[in-house]
Structures are given as C-alpha cells and as structure tokens.
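The values are calculated or read from the model by the stated rules, or taken from the named source; none is laboratory data. Quick caveat: nothing in here was measured; it's all calculated off a predicted structure. All Cβ positions, even for glycine, are placed from backbone atoms using ideal geometry, and neighbour counts span all protein chains on display. Just the protein is used for accessible areas: all its heavy atoms, side chains included, with ligands, DNA and RNA removed. Shrake-Rupley method; radii C 1.70, N 1.55, O 1.52, S 1.80 Å.
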Amino acid sequence: MRNTIVAGNWKMNASKDAVKSLVNGILSGMGDVSAEVLVCAPFPYLSQVETLISGSSLMLGAQNLNVNVSGAFTGEVSAEMIKDFGAKHVIVGHSERRSLYGETSEIVAKKTKAAIDSGLTPLLCIGESLDQRESGNTEAVISEQLTTVVRLIGIEAFKNIIIAYEPVWAIGTGMTATPEQAQAVHMFIRNLLASSNQDIAEKTPILYGGSMNAGNALELISCPDIDGGLIGGAALKAEDFLQICKAVNMTFQIILVVHVLLALGLVGLILIQHGKGADAGAAFGSGAAGSVFGARGAHSFLYKLTAILAICFFVTSISLAYFASNERSVADSGQSIMSQTVMSDDAFDEDTSEIPSN
Ligand code: PEP
C-alpha cells in the first residue's frame with residue numbers, strides 16, 4: 001500500500017513574515033495528520049523553512065534545480081545546494097517551467113537525473129494542455145513526457161520518484177479534473193510504468209495537481225490510483241492546506257465505518273446459518289430468496305455472501321492496520337512538533353497564517 005503524500009507548491013509567493021506564519025500555522029495542525037506532508041519553498045526561504053520545521057514531520061522541497069553540480073552558471077542553484085538546506089524533494093517539469101522557460105522533456109529528464117544522483121526525491125510533473133486533451137492527445141502527451149525520463153534514467157530510478165499528474169488546464173484555474181478524469185490518467189500512468197516493471201508501478205506514488213482544495217481533495221484522494229496532491233493556491237493558507245492533508249484521515253473514518261458494517265453483516269450471516277435459523281432455507285423460508293434459490297440455493301447464496309464479506313473485512317482490516325501504523329509514526333514526531341510550536345508560539349499569529357498569491 002502506498003503512503004498518501006501532500007505537497008505544497010508556493011511558487012513565487014513568499015516573504016519572511018508570511019513564511020513564518022504559514023509554516024507555524026501548518027505545524028500547529030500537523031498533530032493528527034497521517035499523510036506525508038512537504039512544502040516546496042522559493043530558494044531564498046529554504047533556510048528559514050529548514051529552521052522552522054526542525055524536529056517536526058513536515059518536510060521541505062525546492063521548486064527547481066540546475067542539472068550541473070557546480071560551476072559558472074550565474075543565477076542557478078544545484079541539487080547539492082538545495083540539500084544543504086535540509087530539503088529532501090524538488091519539483092521538476094512543472095508546466096510553468098515547461099511553458100514559460102522552454103523546458104523540454106529532455107531537460108526535465110536531465111533534471112530528474114540530477115536530483116536522483118544527489119539523493120533528492122524529484123516530484124516529476126507531467127500533464128496535458130486543454131488543446132491536447134480536446135484533440136484526444138492526453139495519453140500521447142503523458143506517454144512522451146514519461147518515457148523520455150524512463151529512457152534516460154531507467155525504470156529502476158522510479159523507486160525514488162514521485163509523479164505528479166497535473167493537467168495544465170486545471171492549474172490555477174479553479175477547473176479541477178473530475179475524479180473519473182484524474183483516475184483514468186493516473187491508471188494510464190501506472191499501466192505505462194507497469195509495462196516496464198509491475199512492482200515499481202505499484203509502489204510509485206502518483207499525486208494529482210490542479211486546483212485541488214479542501215472541498216474536492218477527499219473524492220480525488222479516495223480514487224485507487226491517486227496517492228495525494230500537489231497543491232498550489234490552496235497551499236498558501238495553513239487552514240486550507242491542513243484540510244487537504246486531513247482528507248486522508250477522512251478516508252480512514254470511511255473505511256472504519258465500512259469495516260464496522262461488514263463486521264455486523266458477518267455476525268448476522270453467521271447467526272442465520274448456525275444460530276436460530278440452522279436451516280438456512282427456513283431463514284428465507286417463504287421469502288423471495290427461498291423461492292428463488294430453494295433451501296440449497298439459499299444456503300450456497302449465504303455461503304458465497306459470507307465469503308465475499310469476509311474478504312472485504314480482511315481488506316478493510318489491512319487498510320486500518322496500515323493507517324494505524326502511519327498514525328503512530330506521526331504521533332511519534334508529534335511530540336517534537338508540539339514543543340516547537342510552543343517555542344515559537346508568541347510569533348504565531350493565526351490570522352496571518354497565509355501567503356498572499358499574486
Ligand atoms: C501547481 O502549481 O502545481 C498547482 C497544482 O497549482 P493549483 O493548485 O493552484 O492549481
């Protein structure tokens with residue numbers, strides 16, 4: 001089972017005061033978040049965020065990198081420099097960099113390689129424009145963007161890559177992909193990876209990005225191939241960002257309710273078959289099932305239903321155990337989050353825990 005990951009992309013929105021409020025706002029609500037959470041800050045603020053998140057489970061990422069290790073590249077920043085500030089992730093191939101700064105799939109592949117070579121986890125963004133979608137080319141575009149990276153660095157490198165599917169038409173527009181649209185492309189991406197390596201395909205996290213917010217996060221993250229979100233606008237306000245992070249907790253609650261209903265259903269079925277109504281046929285006696293299946297038919301129907309419920313119960317049990325273990329690791333780091341929040345409490349102003357976007 002894959003972890004849920006929520007990443008904030010602040011883009012070019014920050015100031016020292018705003019970063020302090022936003023990060024402290026996020027930290028104050030992280031105690032009951034079971035997702036892995038990171039924020040991708042502009043370069044000048046990496047150091048400040050590194051200090052603010054120290055000892056917490058919140059992670060830091062950058063938004064871009066140069067493919068070279070060092071040298072005469074005025075104005076550029078290398079993977080090693082990013083790592084020097086405690087960042088573990090870096091965004092590569094964001095559609096704004098592809099469209100505004102001419103980054104081709106080949107450049108994105110080289111940046112992905114540079115990140116991995118230095119031990120950073122790249123968040124590899126891929127996605128189609130509206131024109132490309134409307135002309136039926138979504139899969140061809142995704143395929144080209146992804147296979148260019150696979151060709152350069154090999155499928156094994158995807159053990160250390162997070163993919164973010166970001167339909168360009170949904171970024172910053174308020175036009176979110178429907179869960180069905182997003183799931184279809186996520187499944188396509190996973191199948192594409194599976195054509196090279198099934199195991200890696202199953203383990204690679206694929207995030208959705210494009211106007212994800214507190215209102216739509218749950219239904220998107222609940223899709224089987226959507227493993228979290230890359231969040232732009234909604235990552236600039238602590239409260240909104242935290243609500244998205246907590247969508248995974250809602251998933252836990254839904255699984256718990258289904259689990260309890262399955263347990264009750266199983267108990268009922270077992271009672272029907274072995275308890276008062278030892279004769280299963282009699283349980284359905286004069287009812288519809290009795291006449292349709294007869295005594296033997298009803299018995300085998302109940303038997304099959306019990307088996308199906310038992311399998312579902314097993315699946316929900318495994319899911320709950322997974323969530324519980326995730327909660328525990330978050331709780332372990334919660335101690336340090338709390339102490340850090342207390343330390344910086346007087347500096348934290350809840351009303352300003354946001355960065356205004358341009
Ligand atoms: C992004 O920039 O990666 C993004 C998803 O932005 P938004 O959430 O604002 O659409």
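Carbon and sulfur atoms: what percent of the 1.4 Å accessible area of the stretch 32-123 do they account for?
54
Quote the accessible area belonging to SER195 in square angstrom, nearest 10, computed with a 1.4 Å probe and with ligands, DNA and RNA left uncounted.
Estimated to the nearest 10 Å², SER195 gives 100 Å².
If each Cα of the stretch 5-247 is one equal point scatterer, what is log10 of I(q)/I(0) from the Debye formula at q = 0.08, 0.10, 0.17, 0.18 Å⁻¹?
One equal scatterer on each Cα of the stretch 5-247 leads to -0.27, -0.43, -1.32, -1.48.
Please arrange ASP240, ASP227, ASP84 by accessible surface area, largest first, computed with a 1.4 Å probe and ligands excluded.
Values: ASP240 50, ASP227 10, ASP84 120 Å².
Output order, biggest surface exposure first: ASP84, ASP240, ASP227.
Using a probe radius of 1.4 Å on heavy atoms only, what accessible surface per residue do you get for the stretch 58-210? Whole Å² is fine.
On the way: 6700 Å² over 153 residues.
For the stretch 58-210, the per-residue accessible area is 44 Å².
Going through the cross-link list LYS20/LYS113; LYS88/LYS237; LYS246/LYS304; LYS16/LYS113; LYS11/LYS246; LYS110/LYS246, which pairs have a Cα-Cα distance over 29 Å in this structure?
Details: LYS20/LYS113 32 Å; LYS88/LYS237 22 Å; LYS246/LYS304 37 Å; LYS16/LYS113 31 Å; LYS11/LYS246 22 Å; LYS110/LYS246 34 Å.
Check vs 29 Å cut-off fails for LYS20/LYS113; LYS246/LYS304; LYS16/LYS113; LYS110/LYS246.
Compute, for GLU134, the solvent-accessible surface of its heavy atoms (probe 1.4 Å) with the complete set of protein chains present, and express it in square angstrom to the nearest 10.
Around 140 Å² of this residue is reachable by solvent.
Charges on Cβ only, +1 for Lys and Arg, -1 for Asp and Glu, centred on the Cα centroid of the stretch 25-137; of SER129, THR104, ALA41, which one is farthest towards the dipole's positive end?
THR104
Determine the order of SER21, SER28 by accessible area, beginning with the largest, at a probe radius of 1.4 Å.
Details: SER21 10, SER28 55 Å².
Most to least solvent-accessible, the answer reads SER28, SER21.
With θ set to phi - 60°, apply the Karplus curve 6.51 cos²θ - 1.76 cosθ + 1.60 along the stretch 63-71 and write out the HN-Hα couplings as whole Hz, x wherever there is a Gly or Pro.
Per-residue couplings from phi come out as 10, 6, 7, 8, 6, 8, 7, 6, x Hz.
Could you report the accessible area of MET212 in Å², rounded to 10, computed with a 1.4 Å probe on the protein chains as they sit in the structure?
10
From the Cα gyration tensor of the stretch 169-264, with a ≥ b ≥ c the square roots of its eigenvalues, which class applies: rounded if a/c is under 1.5, or else prolate if a/b is larger than b/c, or else oblate? Walk me through the numbers before you get to the answer.
Working: a/c = 1.99, a/b = 1.02, b/c = 1.95.
It comes out oblate by the Cα gyration axes.
Taking a ≥ b ≥ c as the square roots of the Cα gyration tensor eigenvalues, with a/c under 1.5 meaning rounded and otherwise prolate when a/b beats b/c, else oblate, which class fits the stretch 21-150?
Judged from the Cα gyration tensor, the stretch 21-150 comes out oblate (a/c at least 1.5, b/c at or above a/b).
On a 1.4 Å probe surface of the protein chains, which of TYR165, TYR101 comes out largest in accessible area, and what is the full order?
Solvent-accessible surface, decreasing: TYR101, TYR165.
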